[in-house]
Amino acid sequence: MEEININPVSPKGKMKAKNRQFKILLIDNDSSEATRLKNVFQKAKNMIVEWFHFARLSEALKWLKSNKADVILVGLWLPDGFGKDNILALQAFAPDAPLLVLSDKEDEALAADLVADGAENFMIRGFTNPREAARMIYLAIKQQKLIWF
């Protein structure tokens with residue numbers, strides 16, 4: 001099977017991939033942020049998202065023992081984990097899933113460091129653009145070479 005190099009956004013700004021379905025695992029202890037993220041992604045065109053949300057890293061790792069996520073969004077500060085330790089644990093349980101770190105603006109430098117440690121990218125909390133959210137997911141998955149057309 002040959003991987004085709006895709007650009008998820010066409011020159012006119014429309015998503016090329018049609019109705020792709022993704023399992024997104026969100027690990028974040030801020031329930032209002034989880035609801036907000038879910039709403040943003042539901043507005044994204046050409047993307048069907050199945051959400052799995054856990055407030056604790058340990059709960060997510062337990063879920064990953066018998067399930068697979070296409071993308072993992074993880075907060076920096078969890079009740080039972082922080083920063084690089086979260087990334088390392090998730091990489092051990094889900095080595096094929098791209099990791100996107102959710103960061104507050106004041107933690108942007110730390111989030112960038114986590115990209116150097118193995119996360120695909122980071123997202124600053126509070127973004128509201130569904131197209132940008134979808135693009136981040138597509139690009140993270142593409143980086144991990146999980147999208148095959």
Is the C-alpha gyration tensor of the range 20-129 telling us rounded, prolate or oblate? Criteria: a/c under 1.5 is rounded; beyond that, a/b larger than b/c is prolate, otherwise oblate.
rounded
Relative to a virtual label point 7 Å from the Cα of Phe82 in the Cα→beta-carbon direction, which members of the range 33-69 show backbone nitrogen distances below 18 Å?
56-58
Extension gain from Glu33 to Lys65, taking 0.36 nm per residue of separation minus the Cα-Cα distance
9.0 nm
How much length is gained on full extension from Gln42 to Asp117, taking 0.36 nm per residue of separation minus their Cα-Cα distance?
24.0 nm
One finds, for Glu132 and Arg56 with R0 = 25 angstrom and r their Cβ-Cβ distance, a FRET efficiency to the nearest 0.05 of 0.35
Of Lys23/Lys68; Lys45/Lys68; Lys23/Lys45; Lys23/Lys43; Lys23/Lys65, which sit over 18 Å apart, Cα to Cα?
Lys45/Lys68
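No value in this document is a laboratory result; all are computed from the given coordinates. Keep in mind the model is a prediction, meaning the values are calculated, not measured. Every residue, glycine among them, receives a Cβ derived from its backbone with ideal geometry; neighbour counts consider all protein chains shown.
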